[in-house]
1. Rank Ser252, Val185, Gly304 by how far each Cα sits towards the positive end of the charge dipole of the stretch 185-312 (+1 on Lys, Arg Cβ; -1 on Asp, Glu Cβ) and give me just the farthest.
2. Quick one: which residues, 5+ away or cross-chain, put their amide H under 5 Å from the amide H of Leu75? H built at 1.01 Å from N.
3. Could you work out how far apart the two model spin labels at Lys86 and Arg44 are, taking each label as a point 7 Å from the Cα in the direction of the beta carbon, and quote it in nm?
4. How far, in nm, would the chain grow between Asn76 and Leu196 when pulled straight, counting 0.36 nm per residue and subtracting the alpha carbon separation?
5. Run through the DSSP bridge list for the chain and note the antiparallel percent, rounded to the nearest 5.
6. Using the Cα atoms of the stretch 1-115, I'd like the radius of gyration and the largest Cα-Cα distance, Dmax, both in angstrom.
7. Kindly state, to the nearest 0.05, the FRET efficiency for Ala274 paired with Glu227, given R0 = 22 Å and r defined as their beta-carbon distance.
8. Are there GluC sites (Glu not before Pro) in the stretch 1-40 that DSSP puts in a loop and that have at most 14 other Cβ atoms within 10 Å, and which ones?
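Every number here is computed from the coordinates shown, using simple stated rules; none is lab data. No experiment lies behind these values; they were computed from the predicted model shown. Glycine gets a Cβ as well: all are built from the backbone with ideal geometry, and neighbour counts include every protein chain shown.
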Amino acid sequence: MILKHKHLLGIEQLNPSEISTILETAESFLEVSRREVKKVPILRGKTIVNLFFEPSTRTRSSFELAAKRLSADILNFSRVSSSVVKGETLKDTVLNLEAMNIDALIVRHSASGAPHFISTFCRSHIINAGDGTHEHPTQALLDAFTIRQEKKRLRGLKVVIVGDIIHSRVARSNILLLRKMGAKVVCCGPPSLVPLEFRTYGVDINYNLDEALKGADVVMMLRIQLERQKKNFFPSLREYISLFALTPQRFSLAKKDAIIMHPGPINRCVELSAELADSARSVILKQVENGVAVRMAILYLLLGGKEREDTD
Ligand code: CP
């Protein structure tokens, strides 16, 4: 089955069956990534552009590896060495790249909605690699893949998401995906970073981390996104750490077989103790490995088939 969508702009656009298709397709690409020869000819002749206006280690590298392992050609656009610094607009940048007959653009931008805006005038496939505080759909998909790998299901699990929820596109995409797939989500953090309005997404909110962790199957820790904070959201880092950092003592309140996740980059000893980050319960580097397989699946499902009937 090939996805019916032309673009992947957010989890919001996917139904549970499409999410399952992506996760199941990623299984076979994980096997490819573990082979001696990590390459299949599925996207030979396709040209993909990594269009990143914000820094990235994991997402950009894994999209590049995913494209290469599918035999596509990939171009890495760097904002700082581009004509954007001379004042070229986002639209003109995209139109000029498209004039080189590309097939897909993977977009990261600080403005929420930038990938959607590009999709309104661009004929290429657009994949959202993180837009402002809006969505990071491929992160949520790789997180779901990792949870399924560890827990064999999503439905009925208790997933606790801790930290800077309001500024986190990772949290938003994860909440949307996990709720669609039947998981129970609890958001935890200071009230200024976890507003009550998030209840409209069907999540529970608990401002006490010890209480939130009780019975958790999955604990997802988030970085404080200082680059998106325009005011002080908590009195001091010391207070934040004392109330919301995951320590071994706190983590013992979760289920015995609970796993620790983090999208990266980690601030060791801020949101998560170094001991836990490197522990057997941490699946953080598995998330990174799975990111390549999930992004291979997305590229294949969007670009790989002729069966797709565009619905957006
Ligand atoms: N998880 C994530 O988006 O990491 P990068 O910012 O390094 O891509």
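1. The residue sitting farthest along the positive end of the dipole is Ser252.
2. It is Ile48, Val49, Asn50, by chain and number.
3. Placing both labels 7 Å along Cα→Cβ, they lie 3.8 nm apart.
4. So the extension gain works out to 39.3 nm.
5. Given both bridge residues lie in the chain, the antiparallel proportion sits at roughly 5 percent.
6. For the stretch 1-115, the Cα radius of gyration and maximum Cα-Cα distance read 15.5, 45 Å.
7. 0.45
8. Those satisfying the criteria are Glu36.
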